[in-house]
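S.K.: Here's a structure for you.
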Amino acid sequence: MQVLSPCDGRVVAITEVNDPTFSGQLVGPGVGIEPADGRQIVVAPADGRLLKLDPHAFILLVDDGIGILVHVGINTVRLQGSLFELLAEQGQSVKAGDPVVAWDPASVTDPDMERTVLVVLMDQKPDTIASEVLGQDVATGDALFTTI
């Protein structure tokens, strides 16, 4: 399965993100994306159904039953939805590239929060993805990683 980038930014290894739950791959393997300042539209990274949609995160259920978590920032749940604009609805079927959430990473100024967007294959074994773009800038819709 190929997963596309849900936003523009620089790709970092999941093991380098500033959250032990994600960096320890306890949720699953994936990557982080350090987004640029300015309004960002976070899109569906694959075709599927929005199983869960919160302002700061969504879970996309893909055809083979795998959940892809897109977590917009770290500890941003504390914002209680402020700074985010929902562009889709929970339960909606989406295609890769369909808009889901809008935000401006520069608006996250709390020192206990991070702007990193996490893209994680839920409930999969650690280190079961391959990415050719670690350390590189990606645009929305670029290939982000594949399962191995």
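The values are calculated or read from the model by the stated rules, or taken from the named source; none is laboratory data. Computed from a predicted model, the values in this text were never measured in an experiment. Neighbour counts are summed over all protein chains in view; Cβ atoms, including those assigned to glycine, are modelled from backbone coordinates with ideal geometry. These area figures cover heavy atoms from the full protein model, side chains too; ligands, DNA and RNA do not enter into them. Shrake-Rupley method; radii C 1.70, N 1.55, O 1.52, S 1.80 Å.
S.K.: Among the residues of the range 122-138, how many are of a type in the set (A, V, I, L, M) and either part of a helix (DSSP H, G or I) or more than 17 Å from V72 (Cβ to Cβ) (or both)?
M.R.: 4
S.K.: I'd like the full set of residues that are more than 13 Å from the chain's Cα centre (by Cα) and touching a residue at least 24 places away in the same chain (Cβ under 8 Å), limited to the range 25-43.
M.R.: The answer is Q25, A36, D37, G38, R39.
S.K.: If a residue must be open to solvent by less than 40 Å² (accessible area, probe 1.4 Å), over 21 Å from D47 (Cβ atoms) and part of a loop (DSSP other than H, G, I, E, B), how many such residues does the range 81-119 contain?
M.R.: Result for the range 81-119: 3.
S.K.: Return yes or no: is T109 β-branched (V, I, T) and either touching an Asp or Glu at 6+ places or on another chain (Cβ under 8 Å) or under 22 Å from G28 (Cα atoms) (or both)?
M.R.: In short, no.
S.K.: Do we find that A46 is under 20 Å from V133 (Cβ atoms) and either polar (S, T, N, Q) or assigned to a loop (DSSP other than H, G, I, E, B) (or both) in this structure?
M.R.: yes
S.K.: Of all residues being crowded, with 16+ Cβ neighbours inside 10 Å and of a type in the set (S, T, Y) in the range 120-148, which is farthest from the chain's Cα centre (by Cα)? Just the residue, please.
M.R.: Selected residue: S131.
S.K.: Of the residues A57, A36, A13, A44, which is on the phi < 0 side of the Ramachandran plot, among the small types (G, A, S) and open to solvent by 30 Å² or more (accessible area, probe 1.4 Å)?
M.R.: On inspection, the qualifying residue turns out to be A36.
S.K.: Failed condition for R49, given (1) over 12 Å from the mean Cα position of the chain (by Cα); (2) over 21 Å from T146 (Cα atoms); (3) open to solvent by 20 Å² or more (accessible area, probe 1.4 Å), with all others met?
M.R.: (2)
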